[in-house]
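As structure tokens, the structure follows; a few thoughts come after it.
The values are calculated or read from the model by the stated rules, or taken from the named source; none is laboratory data. None of these values were measured; they are calculated from a predicted model. Note that each Cβ is placed from the backbone with ideal geometry, even for glycine, and that neighbours are counted across all protein chains shown. Quick note on the areas: whole protein, heavy atoms, side chains included, nothing else; ligands and nucleic acids left out. Shrake-Rupley method; radii C 1.70, N 1.55, O 1.52, S 1.80 Å.
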Amino acid sequence: MQNRMFTSYRSALIRGIIALLIGGLAVFVPNITLQSIVIYIGILILLGGLVSLLFALRSKSPSGRNMLMTQAVFNLIIGILFVALPATMVKIFVIVLGLGFLFIGIFQLMGALNVRHDYGWSWIYFIISILMIIAGAVMLTNPFSSAETILIFIGVLMLVYGASELYMAWKLSSKPKTYQGQEAKDTHFKEL
């Protein structure tokens, strides 16, 4: 039996339209989209905190209650921060991401320099490590613009993906219906 989720023109059409909508929002209104995503994540964290609080209040075990209460308080604080200060939370995320890129690039460069005598010089490894260091430095110098740029890049990828899904939907809708290599005919069955 074929999986119709990936071969149906309707599912390709739906995926394409959703990807185009998300990509369009990311490209044309990245600031609003980015902050909306952060607020949405904050609401989800708040809901998780409320559920943990509910379970903590219903727990009969003191150790379980303490653990759930700690988790609830932490989630509620983080959720409130995400909802109340979305721009700040985006900057913090990009700063952490920038630090990660910077450290990964530095460690990768150190590794390339250490093994060059044994295995020769790998230009690709060197270029990637330098690009990681540059990306980390750029993200640290202007976090919010970096976040918008990343979101716009992802938006462009989503637009390309959405267009390819629409093309796939068009191709699948014009594909002749076949069964075991023969053209399929519509048949009407009588109820027995």
**Asked** With every protein chain kept in the model, how would you rank Leu34, Leu97 by accessible area, 1.4 Å probe, largest at the top?
**Response** Leu97, Leu34
**Prompt:** Taking a 1.4 Å probe, which of Arg10, Arg15 shows the most accessible area, and what order do the others take after it?
**Reply:** Arg10, Arg15
**Request:** Could you compute the FRET efficiency for Leu44 and Phe153, with r as their C-beta to C-beta distance and R0 at 22 Å, rounded to 0.05?
**Result:** 0.35
**Message:** Just to be sure I understand the model, the point goes 7 Å from the Cα along the line to the Cβ. What's the resulting Lys171 to Thr141 distance in nm?
**Reply:** 4.2 nm
**Asked** Probe 1.4 Å, all protein chains in place: accessible area of Leu50 in Å², nearest 10?
**Response** 100 Å²
**Prompt:** Ignoring ligands, DNA and RNA, how do Phe82, Phe101 rank by accessible area with a 1.4 Å probe, largest first?
**Reply:** Phe101, Phe82
**Prompt:** Taking the simple approach of a point 7 Å from Cα along Cα-to-Cβ for both Leu57 and Tyr9, what is their distance in nm?
**Reply:** 5.4 nm
